[in-house]
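Each value in this text was obtained by applying a stated rule to the coordinates, not by laboratory testing. Here the structure is a predicted model, which is why all the values come from computation and not from measurement. We place every Cβ from the backbone using ideal geometry, glycine too, and count neighbours over all the protein chains shown.
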Amino acid sequence: MRPDIMLIGHVSKDIMIDHLGEETRLTGGAVVQSSLAALRSGSEVMAVTKISSEDASLLEPLQSPGLEWVICPSGATTSIRNRYYTEDKERRDVELLSQADPFTLDDIPKTVPRVFHLAGLFSGEIPDDLIEPLSSRAAVALDAQGVLRTMDGEGDLLFRDWARKRELLKFVRFFKVDAAEAEILTGCTDREEAARTLFSWGATEVMLTHHTEVLLYSREGVYRAPYTNSSSVGRTGRGDTTFAAYLSWRREHSISESVRFAAALCSLKMESPGPFSGTVAMVLERMDRR
């Protein structure tokens, strides 16, 4: 199988504590949210992750036709505690409890996908030095959280600017940021200006997500589509889901339609807990409502 998308990133043993103090444990991480969103958008997906041998069973519920998991050995499995302070889940604290080993170029299968989707959770998980070599094999899609998020000595989340952004963005075809990440990278509070700046540094298609909309900046113009979710119970994974849906639909569709598809799919996802579990038909119906 030549996958349409090869996802690379750590699976996480997530502990979710909502604003009422109720705790839920699940298998999460950008690679989980993204792989299922891409799969259910019609893509053939290969997901490359690192977990300890004692956690191999974590992936059993995630097996599905069209989704191949490649497990690389690691001394530990990433585990994250998310504590939410509001019902809409826009405010949270993130604590890293344990972390899997970084990826190396030797960990990446020789299979050549149409797109490498680098879905890291924290800086250093997918080292910067992998970006250029992977770009020589296929298009690279990069989520900014994997180069900006880091932890202090006590395991608390920090965001730091990406030192190599101007050097490496020219090797990235698809670059995804949220509004806060875009401001860290560019210093711009205006979302369109921030996306334009990232484009000027080399990324070909820049996606910027905000709680109200999806914005895409490219040479062809600026495209927007609103989120239309009626609730936010499935807010976790919003950016991961949106980006993966866009990459999947973009294979055979225009930028404009792909932005609309991604916003509609993620709107449906946010109305139910967990990764997107719907169908393309449901997404197209949601798109037709606008």
Karplus-derived HN-Hα couplings along the range 5-18 (A = 6.51, B = -1.76, C = 1.60, θ = phi - 60°), whole Hz, x at Gly and Pro: 10, 10, 8, 10, x, 7, 6, 10, 7, 8, 10, 10, 10, 7
Extension gain, residue 184 back to residue 22 (0.36 nm per residue minus Cα-Cα distance, nm): 55.1 nm
Where N is the number of residues in the range 160-290, Cα Rg divided by 2.2 N^0.38 Å: 1.03
Debye, to nearest 20: dipole size of the range 122-163, +1 on Lys, Arg Cβ, -1 on Asp, Glu Cβ: 220
Among 216, 36, 168: highest mean-square fluctuation, GNM of the chain, C-alpha pairs under 10 Å: 168
D_trans [Stokes-Einstein, Kirkwood Rh over alpha-carbon pairs] for the chain, 25 °C, 0.890 mPa s, µm² s⁻¹: 131
Hits among lysines - C-alpha to C-alpha of residue 269 under 29 Å, sequence gap 8 or more where chains match: 13, 50, 89, 176
Added length on full extension, which subtracts the Cα-Cα distance from 0.36 nm per residue, residue 156 to residue 56: 33.3 nm
Other-chain or far-sequence residues with amide H under 5 Å of residue 213's (modelled H): 227
Distance in nm between pseudo-label sites at residue 271 and residue 88 (7 Å out along the Cβ direction from Cα): 1.8
Extension gain from residue 95 to residue 231, taking 0.36 nm per residue of separation minus the Cα-Cα distance: 46.4 nm
Cα-centred dipole magnitude for the range 174-239, charges only on beta-carbon of K, R (+1) and D, E (-1), debye, nearest 20: 200
